[in-house]
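Trainee: So that we are looking at the same thing, I have put the structure below in structure tokens.
The values are calculated or read from the model by the stated rules, or taken from the named source; none is laboratory data. All figures in this text were calculated on a predicted structure; none of them were measured in a lab. Quick reminder, even Gly has a Cβ in these numbers, built from the backbone with ideal geometry, and neighbours come from all protein chains shown.
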């Protein structure tokens, strides 16, 4: 793609938009940056560049007069100026697609409702342990376009890819695609669950028979998607043995070339069935790339997991505290509740994302003593789940932690697993998790 002299609009001035703008300027495009937020923070180098920066309300003509629009993942394709531009023949793509056009580095792309970040980070750790040079980015933090703007000297790109990013691909083709699971999420953005699932399915659409798709066979929707994939499909399962795939049974069994390799689970810090799925997906990709058994095993034993994802914080008076702030949907919360021993006091709630909370019913009945609710979604959660276990409300997360501790007895676990996004009360799930950790630390000091 020759961008020299092309009129290119970057929609959204967040981290991805700014990185994209710098890349486009380096390609001598005529760049316009548009952000509807009049208070959007624009870096000095962009202000001083040849880019036209427009913040606040703007006319649709700004979009329709472009040769190309690069849309940030947080902006729906359905907004009026984007829809009008597309109807006028303006090409609209995302930063992931733009980055793909300009690289020949093989890509391992990971998507799914839950487990993406853990699997992506674990894969990075495995490949680095094996002495491979990798670039890790995408939805996990660093835009792929920053790799494209650099030396491009990695052996592999390991990319976490969201459904939003997959909406705007045309040619993006990973060498290895991984689909972990599909459960209800982002229904505040999509018209239906089917639309959300279809966006996830895009990860396979350009793959050829020389590529590989790694899919969780225990996830019904994910397994169904495998029927029309051109890539070589490799399944993984935590419940059943798979002849030509990976599975968990008294250890992790995976394909490395033509042979099946086994790794003992003992001594691996990542625990819980959801992490077994993540491990199987990661070792499957490592096996395809012919990484050594020794490197894979060492990496699994030295990977400590992620902050804010089933992160053990402390044990105070025999009561365990777990920070699972990254559980921003019901599916993630469900897996977390099932991964620790009862009784549990669950802290949940936040900004509602449109999905049903009813799938939590069985796990709440089996494992949860009480739920303490925070945030905007608490009334809706109560309406759907109040018949399961006792529920109370708290005005703040700090109050919820204190209240949970006052009700907990020795052997109980207090679990922050919100099943909602954080943006009603916090800057991000990280901010929410840090408040939880700070509050637990204050409790610890009061008992020291």
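Trainee: Could you run through the range 20-56 and say how many residues are loosely packed, with under 15 Cβ neighbours inside 10 Å and touching a residue at least 40 places away in the same chain (Cβ under 8 Å)? Break it down stepwise before answering.
Mentor: Filtering the range 20-56 for residues loosely packed, with under 15 Cβ neighbours inside 10 Å gives 26, 28, 37-39, 41, 43-45, 47-48, 50, 52, 56.
From what is left, the residues that are touching a residue at least 40 places away in the same chain (Cβ under 8 Å) are 26.
Counting residues in the range 20-56 that are loosely packed, with under 15 Cβ neighbours inside 10 Å and touching a residue at least 40 places away in the same chain (Cβ under 8 Å) gives 1.
Trainee: Being touching a residue at least 12 places away in the same chain (Cβ under 8 Å), closer than 20 Å to residue 99 by Cβ, crowded, with 21+ Cβ neighbours inside 10 Å and out of contact with any helix residue (DSSP H, G or I) (no Cβ under 8 Å at 6 or more places or on another chain), is that true of even one residue in the range 1-10?
Mentor: No, the range 1-10 contains no residue that is touching a residue at least 12 places away in the same chain (Cβ under 8 Å), closer than 20 Å to residue 99 by Cβ, crowded, with 21+ Cβ neighbours inside 10 Å and out of contact with any helix residue (DSSP H, G or I) (no Cβ under 8 Å at 6 or more places or on another chain).
Trainee: Look at residue 181 and say whether it is more than 16 Å from residue 16 (Cα to Cα) and either crowded, with 17+ Cβ neighbours inside 10 Å or assigned by TED's automatic domain parsing to the domain that holds residue 335 (or both). Before you say what the answer is, go through the steps one by one.
Mentor: On the way: more than 16 Å from residue 16 (Cα to Cα): yes; either crowded, with 17+ Cβ neighbours inside 10 Å or assigned by TED's automatic domain parsing to the domain that holds residue 335 (or both): yes.
Criteria met by residue 181.
Trainee: Sort out which residues of the range 339-355 are over 19 Å from residue 433 (Cβ atoms) and buried (at least 23 other Cβ atoms within 10 Å of the Cβ), and write them in order of number.
Mentor: Residues satisfying the conditions do not exist here.
Trainee: If you go through the range 271-294 one residue at a time, do you hit one that is within 21 Å of residue 140 (Cβ to Cβ), out of contact with any strand residue (DSSP E or B) (no Cβ under 9 Å at 6 or more places or on another chain) and part of a loop (DSSP other than H, G, I, E, B)?
Mentor: Yes, the range 271-294 has at least one match.
Trainee: Let me ask another. Residue 236 fails exactly one of the following numbered conditions: (1) closer than 30 Å to residue 23 by Cα; (2) in contact (Cβ under 8 Å) with a residue 12 or more places away in the chain; (3) under 20 Å from the mean Cα position of the chain (by Cα). What is the number of that condition?
Mentor: (1)
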